[in-house]
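The values are calculated or read from the model by the stated rules, or taken from the named source; none is laboratory data. The shown structure was predicted, so the numbers you read here are calculated from the model rather than taken from an experiment. Note that each Cβ is placed from the backbone with ideal geometry, even for glycine, and that neighbours are counted across all protein chains shown.
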């Protein structure tokens, strides 16, 4: 079923066949207000935006259509069902300058087994290799082959453009991504990073320090808005996970 949603005069279409997708459509503009405003306020025509862990493409779509194709968008999603729907949604909206890749970004070039906790598109919290899902009690329902590559290698060896903005939402594998992106993050042309961090085992502190060394700070006003998604997560018992926006100092 094709369904639409609208925000400030912008209408987007999504193919919805699962409960996960329905929730993503219905919460499109309320689930992460800081992400919507980050796309609105920090991105400019001509910029390149990398959406790492794009799922079915909610923020890929919004960035593409919000800036009327003026952004160069690259979306990365390794799970087979989400990748299919991501491409389908881009096609439905006739998205311009947006390309999707069935690829995981991590700390090195490798192959790994992706343990899917659901075969429904729109699902998340899958786990790589011997990793554990962020969803407590989740079990593997399907094992999928996947290829992982470091962002630095992707740009240096495969001709990808340097992104000005990067969104990272990869369910607990953010530190691996950071370790594979040190050269890219150190480039002053990269202006902002939005990353979902897990405040567990010192991960949040290590990520914050790595981005600080690369020249980013977390003092942007969008990290402190009243309707930030951390408020909703805290109310639902997920206070250890939050989005943080880092901006070049």
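Answer with yes or no whether residue 77 is closer than 24 Å to residue 175 by Cβ and surrounded by 16 or more Cβ atoms within 10 Å (Cβ to Cβ). Full working, then the answer.
Values: closer than 24 Å to residue 175 by Cβ: yes; surrounded by 16 or more Cβ atoms within 10 Å (Cβ to Cβ): yes.
So residue 77 fits the description; yes.
Considering only residues in the range 118-134 that are in a loop (DSSP other than H, G, I, E, B) and more than 21 Å from residue 25 (Cα to Cα), the one that is modelled with the highest pLDDT turns out to be 129. Scanning the range 7-30 for residues that are more than 15 Å from residue 95 (Cβ to Cβ) and within 21 Å of the chain's Cα centre (by Cα) yields a total of 15.
Within the range 39-60, can you find the residues that are more than 18 Å from residue 177 (Cβ to Cβ) and over 12 Å from the mean Cα position of the chain (by Cα)?
If the condition is that a residue be more than 18 Å from residue 177 (Cβ to Cβ) and over 12 Å from the mean Cα position of the chain (by Cα), then 39, 40, 41, 42, 43, 44, 45, 46, 47 are the ones that fit.
Whether a residue is farther than 25 Å from residue 61 by Cα, surrounded by 21 or more Cβ atoms within 10 Å (Cβ to Cβ) and over 14 Å from the mean Cα position of the chain (by Cα) was assessed, and residue 180 passes this test. Any residue that is without any contact (Cβ under 8 Å) to a residue 60 or more places away in the chain and crowded, with 16+ Cβ neighbours inside 10 Å - is there at least one of those in the range 14-25? The answer is yes, given that some residue of the range 14-25 is without any contact (Cβ under 8 Å) to a residue 60 or more places away in the chain and crowded, with 16+ Cβ neighbours inside 10 Å.
Residue-wise test of (1) more than 16 Å from residue 245 (Cβ to Cβ); (2) outside any loop (DSSP other than H, G, I, E, B).
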residue: 146; (1), (2): yes, yes
residue: 149; (1), (2): yes, yes
residue: 160; (1), (2): yes, no
residue: 193; (1), (2): no, yes
residue: 206; (1), (2): yes, yes
residue: 211; (1), (2): no, yes
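For residue 212, indicate whether it is over 18 Å from the mean Cα position of the chain (by Cα) and free of Cβ contacts under 8 Å to residues at least 24 places away in the same chain. So residue 212 passes the test.
Scanning the range 153-168 turns up no residue that is more than 23 Å from residue 72 (Cβ to Cβ) and either under 18 Å from the mean Cα position of the chain (by Cα) or surrounded by 21 or more Cβ atoms within 10 Å (Cβ to Cβ) (or both). In the set 203, 192, only one residue is on the phi < 0 side of the Ramachandran plot and free of Cβ contacts under 8 Å to residues at least 60 places away in the same chain; that residue is 203. Only one of the listed residues (243, 187) is outside any helix (DSSP H, G or I) and surrounded by fewer than 19 Cβ atoms within 10 Å (Cβ to Cβ). That residue is 187.
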